Amino acid sequence: MLRYLPFLLVLALWIYAFIDCLNTPESQVRGLPKVIWVIIILLFGEVLVGPVAWLVAGKQRQPAADGGSTPSEWHRSHRTKFVAPDDNPEFLASLKAESNKKDESLLKDWEADLRRREEELRRKSGGTADGGTGGGGTANGGTANGPEETP
């Protein structure tokens, strides 16, 4: 297996240089046109001349952003602290908002159903009693609208 390792490393470098060349904008290519660099990488890839030439001389390297700090330095100074979901106020607020919306819609449905049933009971009690007492108008003997209605 170790005898294949050099071949695999050359192949990996060849593929990396080829993809890097293709993804590099034309403004960052140095020395030769991009098409020529692709041909050089493909033709001289097996002997490592093409990929190494591309990595050393072909691509314009830019200094790191934000005063020259590397990504690892940036991550060291900008660590985010993990917060458990039950301690995260934003997460809890989103849960409350979702449950409140569901509860409100369920309450509106129940109120609409209650109004419809009360209206049906009024029609039934008004149509059968013809102005009589009618027994209160609800199944439990009370009034349909609660304390607002006076007999």
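The values are calculated or read from the model by the stated rules, or taken from the named source; none is laboratory data. Values in this document were obtained by computation on a predicted structure and should not be read as measured data. Cβ: placed from backbone, ideal geometry, glycine included. Neighbour counts: every protein chain shown. All accessible areas refer to the heavy atoms of the entire protein, side chains included, with ligands and DNA or RNA removed. Shrake-Rupley method; radii C 1.70, N 1.55, O 1.52, S 1.80 Å.
Tabulated results
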item	result
Accessible area, probe 1.4 Å, largest first, for residues TRP54, TRP14	TRP14, TRP54
Cα-projected label distance for ARG115 with GLN28, points at 7 Å along beta-carbon direction, nm	6.3
Per-residue SASA entry for LYS101, accessible area with 1.4 Å probe, Å² rounded to 10	140
